[in-house]
Structure formats: structure tokens, C-alpha cells
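Below: one structure, written as C-alpha cells.
The values are calculated or read from the model by the stated rules, or taken from the named source; none is laboratory data. Note that the coordinates shown come from a computational prediction; the quantities given were computed from them, not determined experimentally. For neighbour counting, all protein chains shown are included, and Cβ atoms are generated from backbone atoms with ideal geometry for every residue, glycine included. Heavy atoms of the whole protein, side chains included, go into the accessibility calculation; ligands, DNA and RNA do not. Shrake-Rupley method; radii C 1.70, N 1.55, O 1.52, S 1.80 Å.
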Amino acid sequence: QVQLVESGGGLVQPGGSLRLSCAASGSISSSYAMGWYRQAPGKQREPVATITSGGTTYYTDSVKGRFTISRNNAKNTAYLQMNSLKPEDTAVYYCNAAMLLKAYWGKGTLVTVSS
């Protein structure tokens, strides 16, 4: 089993920054792809960013140039640096770890962008 715990969410003003962390424990290795998803009120969960085991990154168009995903395999931790935050970035952010047919989710951390 794999456990994922997100942290770093909170309230931030438009234009501000936050850094989310996802600490993984259990039967996980650097072979897993790590990703961040988000779900805004009344909307479906959507992918935000992904980083493969080899370090290749992917971003949804709305966050390109503002968000950066990274990982520290020695610490089994993934990060999402979010800059120039906008009100429409408000959502619960979930960490995901996936490899082949296995996928695990954290419980999420709330990010609220508001003045």
C-alpha cells in the first residue's frame, strides 16, 4: 500500500504563491509517476501537472508558466510550486501516484485564492 499526504494549502491573495508538498510512504518507489489534480466546487477533478519517473513534466494549459512540479526521490516527496495565483485556481488539490495499473490518491489540501 501507498499513503500520500498533501500539505501547504491555505488562503492566498491573487498574484501570490504557495508550495504544495506530497509526502509518500509505504510501497512506493521512484518508478511511480507523480501528479497533482484539483477539484473546484461544483466541478470535476482535473489534472494539473504530472512528473514521470524520468523527470518529464506535463501541465494543463491554464497553469503553464505559473506552476512547477518537481520531485525528490530520496525523500519520496513531490512538490507543486504555484506562482501568480488566480481566483480560478481555488480548489482542493490532490496528489496522485501511478504506475501501470496502480494509482493512489491523497486526501487533498485546500487552496483558496481570494482578496
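Is there a residue in region 8-19 that is closer than 12 Å to Cys95 by Cβ, assigned to a strand (DSSP E or B) and not β-branched (Val, Ile, Thr)? No, every residue in region 8-19 fails to be closer than 12 Å to Cys95 by Cβ, assigned to a strand (DSSP E or B) and not β-branched (Val, Ile, Thr). You will find that of Ala91, Ala78, Ala49, the residue that is open to solvent by less than 60 Å² (accessible area, probe 1.4 Å), touching a helix residue (DSSP H, G or I) at 6+ places or on another chain (Cβ under 8 Å), among the aliphatic types (A, V, I, L, M) and at pLDDT 95 or above is Ala49 and no other. Would you pick out the residues in region 1-23 that are within 12 Å of Gly106 (Cβ to Cβ) and surrounded by fewer than 21 Cβ atoms within 10 Å (Cβ to Cβ)? Within region 1-23, Val2, Gln3, Val5, Ser7, Gly8, Gly9, Ser21, Ala23 meet the criteria.
Let's see how each residue does on (1) open to solvent by 50 Å² or more (accessible area, probe 1.4 Å); (2) outside any strand (DSSP E or B); (3) among the hydroxyl-bearing types (Ser, Thr, Tyr):
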residue: Ser25; (1), (2), (3): yes, no, yes
residue: Ile28; (1), (2), (3): no, yes, no
residue: Trp36; (1), (2), (3): no, no, no
residue: Gly42; (1), (2), (3): yes, yes, no
residue: Gly54; (1), (2), (3): yes, yes, no
residue: Tyr58; (1), (2), (3): yes, no, yes
residue: Ala74; (1), (2), (3): yes, yes, no
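Residues that are charged (D, E, K, R), more than 17 Å from Gln3 (Cβ to Cβ) and without any contact (Cβ under 8 Å) to a residue 24 or more places away in the chain do not occur anywhere in region 16-24.
Looking only at residues in region 94-106 that are in contact with a strand residue (DSSP E or B) (Cβ under 7 Å, 6 or more places away or on another chain) and not aromatic (Phe, Trp, Tyr), which one is surrounded by the most Cβ atoms within 10 Å (Cβ to Cβ)? Ranking the qualifying residues of region 94-106, first place goes to Cys95.
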